[in-house]
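Here is the structure we will look at.
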Amino acid sequence: MGEYNYTIEEVEEILEDLAHELPQEFFNKLHGGVSLIDQSKYHPEGIGQDLYIMGEYQKGIYGNMIRIYYGSFMNVYGYLPKEKLKEKLRDTLRHEFRHHLEHLAGERGLEIQDEIELEKYRKSREK
C-alpha cells in the first residue's frame, strides 16, 4: 500500500461520527453493526486491481452487517482533504444502509441499480 494521509484510527473516528448522523432505527436488525476493515477489497470482475469495493452490506446466518474497507478508501481517496474524504465515506455508508433498509423492506431497487452500474463497467472494458 502507498502512503496515506489518514490512519485507520482517524478513519474510524470519522465513520463513527457519520454513523451518529443516522437515526437509531436504521440500526434495527444490523446485528454486526458497522465495521471498518483494514484491507482493500477488489471486485471479482475488475481487471487487475481497477475496481475497488469501498463497502458492502452482508446478510447471513450470523446476522446483517456493513463493512467499510479502509484499504480501498486509502487507495482511491487517501489523498483527499478530510472533508472530501468524509463525504466519500458518508456516501458509501448511506449506500450500504440503503441496502440494509431495502433488505428489511423486501425491496431490491439499489441491488438493481448496482447491477446496472456493473454492466456499464463491463461494457466500458470491452472497448
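Every number in this text was worked out from the coordinates using simple rules, so none of it is lab data. Keep in mind the model is a prediction, meaning the values are calculated, not measured. Because the Cβ atoms are built from the backbone with ideal geometry, glycine has one as well, and the counts that use them run over all protein chains shown.
Inspect region 24-37 for any residue being free of Cβ contacts under 8 Å to residues at least 40 places away in the same chain, touching a Leu at 6+ places or on another chain (Cβ under 7 Å) and crowded, with 16+ Cβ neighbours inside 10 Å and give the result as yes or no.
Among the residues of region 24-37, at least one is free of Cβ contacts under 8 Å to residues at least 40 places away in the same chain, touching a Leu at 6+ places or on another chain (Cβ under 7 Å) and crowded, with 16+ Cβ neighbours inside 10 Å, which makes the answer yes.
So Ser72 ticks every box in (1) touching a helix residue (DSSP H, G or I) at 6+ places or on another chain (Cβ under 8 Å); (2) of a type in the set (Gly, Ala, Ser); (3) surrounded by 13 or more Cβ atoms within 10 Å (Cβ to Cβ) but one. Which box is left unticked?
(1)
Which pairs turn up if I take residues in region 77-90 that are among the small types (Gly, Ala, Ser) and look for partners that are in a helix (DSSP H, G or I) with beta carbon separation below 8 Å, at least 6 apart in sequence or on another chain?
Hits for this filter: Gly78/Leu85.
Consider Glu10 against the criteria (1) closer than 28 Å to Ala105 by Cβ; (2) surrounded by fewer than 16 Cβ atoms within 10 Å (Cβ to Cβ): it satisfies all of them except one. Which criterion is unmet?
All conditions pass for Glu10, except number (1).
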